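Below: one structure, written as structure tokens.
The values are calculated or read from the model by the stated rules, or taken from the named source; none is laboratory data. These numbers were taken from a predicted model, which means no experiment stands behind them. Note that we place each Cβ from the backbone using ideal geometry, even for glycine, and neighbour counts take in every protein chain shown. Side chains included, ligands, DNA and RNA excluded: accessible areas come from the protein's heavy atoms. Shrake-Rupley method; radii C 1.70, N 1.55, O 1.52, S 1.80 Å.
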Amino acid sequence: MFPAPKQSPENEKPVISQSGNQPRCTIEPVVLKSRSINPTSCLAKITFGAFAIQDLLVDFSNAAPTSWRMKDLEITSSAELWSWLGENHASEESIRLITWKAANPEKYVGREDVLDALLAHGWIDGRRFVVDEDRTAQLITRRKQQAWSKTYKDRVARLRREGRMHPTGEAMVDAGQKSGQWTFFDDVDALIVPQDLEVDLDKERWNAFAPSYQRNVLRWIKLAKTAATRSKRIAAVVDATRYNRKLPQM
């Protein structure tokens, strides 16, 4: 069993142990890679020197520092989420939002209702995963510098027409417009194929794919952080399209 982790600066992997000239051992939770998870366990990457074990199920119930333990917010109505965000919209903490499945109609809150509340208050949602047979959960957090997709911008426009946008939500929109993140995905949403992809792309087969798939692929390419990564992603898209294959979830 690993000893209790030490605190580490933000954006660095938490240090588990380090002694003399021994390689540093780190543990990095990757909560969202799990689709079925309990409150005290998650998949993690364990690194010791040059060696790494990926996707190891780790129990954090006794070892995790408080900063690793996400707070849970379980709701049974959209009004509860709007009320919580109204009071906590300025929080910098990530929250594990737990909702009931549609099989429990008296407690069910749909994805569309959740998105409305989050965007109105300047928050964003993450991928859903299973808590148990009756409930799902997803990470929600205050929006920072994420790019705005057309679907989110359209939702903001509707919320404005309905008079439901909160000042903090409007502040996030304003920040996105000033930083360029508001228009960052405009070419992706318009399904414009960049030149470096178009050169070798089988256009007939590409055009046969659903627009939603094309949009995900173009977004994946655009979000590459380095030229080398972008080139690898383009090569993967060209190869998959040539053989009429879809890339797995990106």
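Annotation: extensible slack from Asp239 through Glu204 equals 11.2 nm (criterion: 0.36 nm per residue apart, minus Cα-Cα distance).
Label-to-label distance, Arg219 versus Glu87, with points set 7 angstrom from Cα along the beta-carbon direction: 3.3 nm.
Computed on protein heavy atoms with a 1.4 Å probe, the accessible areas place Tyr243, Tyr108 in the order Tyr243, Tyr108, largest first.
When Arg205, Arg158 are compared by accessible area of protein heavy atoms, the largest-first order is Arg205, Arg158, using a 1.4 Å probe.
Heavy-atom accessible area with a 1.4 Å probe sorts Asp189, Asp154, largest first, into Asp154, Asp189.
For the cross-link pairs Lys71/Lys232; Lys153/Lys225; Lys101/Lys150; Lys153/Lys232; Lys107/Lys225, the ones whose C-alpha atoms lie over 32 Å apart are Lys71/Lys232; Lys107/Lys225.
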